[in-house]
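What follows draws every value from the coordinates through simple rules; no lab data is involved. Bear in mind that the values here come from a model prediction, so they are computed numbers and not experimental data. Glycine gets a Cβ as well: all are built from the backbone with ideal geometry, and neighbour counts include every protein chain shown.
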Amino acid sequence: MRRVIAALGLVAVSATGAFPQQPVNLAFATLDTGSAWYVYGATMAEVLRRALPPGSNIDVKPRAGGVGNPRLVAKNETPLGLGFTVTNRWAYEGKEAYDAKLDNLRALVGGLDTYYMVAVASRTLGVNSVREIREKKLAVKATSQPVGSLGEFSARQLLKGAGMGYTDIKAWGGSMQHAGYNVIVDAFKDGRADVLFAVVTPKHPSVTEIANGVDVKFLGLDAETIRALVPLGYVPATMPANTFKGQTEPVRTVGFPTVLITNKDLSEPIAYTITKAVLENKDALVRGHAGLAEFDPATAWQPEKVGIPLHPGAERAYREKGWMK
C-alpha cells in the first residue's frame, strides 16, 4: 500500500509542471537508528515536509545502507535514499556489489559530507594498522554493520586489500559479527567486540559513543592496501586528527561523500523542489548533524560528488542558482 501511495504522490503535480500541488508520500532509505545517515534522513525529512505541499510526508526508513539503498531506490520501493559516490557508480554500471546495471538511478544532491573507511580497535590489541592483524594472526573479535551496508561490503574489500578475509579471522580463533550500531556499541563496551570495520563521518553518533566510552585506536591503511582499494573507486584521504576522542594523529585511509539519490521516475517538479529545499537549508541540516558542516551546495552537482547522472529536476535547481552552466 505504501508503494501505491508513493506512486500516486509522484504524479500529483500542477498542470504547468512547475510545482507539486497535491501532498506526496515518499519513503526515504537511510540506515539503522544508531547511524549518521538515519539522523541525516530525519533532518532532511523535516526540511522537505515544509517545502512540499501541506500534508506531504517523508517516511524515513532505517535501511538498507550504502549497498542496499540503490537497489531499493532503483526498484522505487523507496523513491529517495542516501548512497555514496562509490556505490552509486557500482550500481549504475552493474559491478562490484551489483550483478545488474541499475541505470535508472539519478542524483539530487552530492558532496553532503566525507566518509572514511576505518578500523576502530581496542588499544588492548596493541596494533597500529589493519595489516598487523594478518601479520600477527590475531584472534580479533571483529564486527561490522549488516550485509547490505557499505560498512560490511567495504570491510570485505579492506580485508582483501590487506591480504586476508573473514575465514582467516575465524581460522586464527577470532570471530566476525554483523549487527546494527546499537548492538555494536554495547559489544565494545562489554568486551564482546574489539575491532570495528566501518565507514564513518565526523561526529558519527555511534562511533563517537564507542570512542568516548572505550579506549580505542583508529587504524590507518598502509600504502599497499590503499593502492588495492583505489581501482574500486575509493579516493585516498586523511581523517584529520581529533575527529574522535583519543585520535590524536591523522589517519591515512580512503574516503567518499554521501549523496541524496532517486530514480528517473520521480517527477521533475518534485525532484526540483526536494533539491532546492536541501540546497537552501544547509544551516538546518548542520543543526541536525554536524557531519554535514562541509556540505557545499554550490558544488553539490559536480560529477565527482554524485557518481551518477543528475535528475533533470535537480539540474534545473542548480542552473537556476547559476552554479551549473
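With contacts taken as Cα pairs under 8 Å and at least 6 residues apart, the chain reaches a relative contact order of 25 percent. Shown in residue order for region 243-253 are the 3J(HN,Hα) couplings computed by the Karplus curve 6.51 cos²θ - 1.76 cosθ + 1.60 at θ = phi - 60°: 5, 10, 4, x, 8, 7, 10, x, 10, 7, 7 Hz (x for Gly and Pro). Backbone amide hydrogens, once placed in the peptide plane, bring VAL109 within less than 5 Å of LEU260, excluding anything fewer than 5 places away on its chain. Pair-distance distribution P(r) for region 41-173, from all Cα-Cα distances in 10 Å bins starting at 0: 11, 33, 27, 19, 8, 2 percent.
Go through region 281-325 and name the GluC sites (Glu not before Pro) that are in a DSSP coil and have 16 or fewer other Cβ atoms within 10 Å of their Cβ. Sites meeting the loop and neighbour criteria: GLU294. A dipole drawn for region 115-256 from +1 and -1 charges on Cβ atoms has a positive end, and of ALA223, THR124, ALA237 the residue lying farthest that way is ALA223. Against the chain, whose longest principal axis comes from its Cα atoms, helix 2-11 is set at around 50 degrees. A straight Cα-to-Cα reach below 20 Å connects LYS189 with the aspartates and glutamates ASP32, GLU209, ASP215, residues fewer than 8 places away in its own chain not being considered. Beyond 23 Å in Cα-Cα separation lie the following of the pairs LYS75/LYS101; LYS141/LYS217; LYS264/LYS305; LYS203/LYS325: LYS203/LYS325. When you restrict to C-alpha pairs under 8 Å that are six or more residues apart and normalise by the size of region 115-256, the relative contact order lands at 34 percent. Placing unit charges on the Cβ atoms only, positive for Lys and Arg and negative for Asp and Glu, gives region 115-256 a dipole magnitude near 140 debye about its Cα centre.
With contacts taken as Cα pairs under 8 Å and at least 6 residues apart, region 83-184 reaches a relative contact order of 22 percent. Ellipticity at 222 nm from helices only: DSSP H runs of n ≥ 4 in the chain, each -39500 (n - 2.57), divided by the residue count, give -11000 deg cm²/dmol.
Compute the whole-percent fraction of alpha carbon pairs in region 115-256 spaced more than 27 Å apart. Cα-Cα pairs of region 115-256 separated by over 27 Å account for 9 percent. Taking amide H as placed 1.01 Å from N in the peptide plane, the amide H of LYS217 sits under 5 Å from that of ALA121, SER122, ARG123, each at least 5 places away or on another chain.
Calculated from the structure, P(r) over Cα pairs in 10 Å bins from 0, in percent equals which of (1) 6, 23, 30, 21, 11, 5, 2, 1, 1, 0; (2) 6, 27, 34, 20, 10, 2, 0; (3) 6, 26, 35, 25, 7, 1? Calculated P(r) over Cα pairs in 10 Å bins from 0, in percent: the matching label is (2). Among the trypsin sites (Lys or Arg not before Pro) found in region 41-102, those both in a DSSP coil and sparsely packed, with 14 or fewer other Cβ atoms within 10 Å of their Cβ, are LYS75, LYS95, LYS101.
Partners of LYS282 within straight-line reach, counting aspartates and glutamates whose Cα lies under 15 Å from its Cα and excluding those fewer than 8 residues away in the same chain: GLU46, ASP113, GLU294, ASP296. Of all aspartates and glutamates in the structure, those lying under 18 Å Cα to Cα from LYS170, and not within fewer than 8 positions of it along the same chain, are GLU132, GLU135, GLU152, ASP194.
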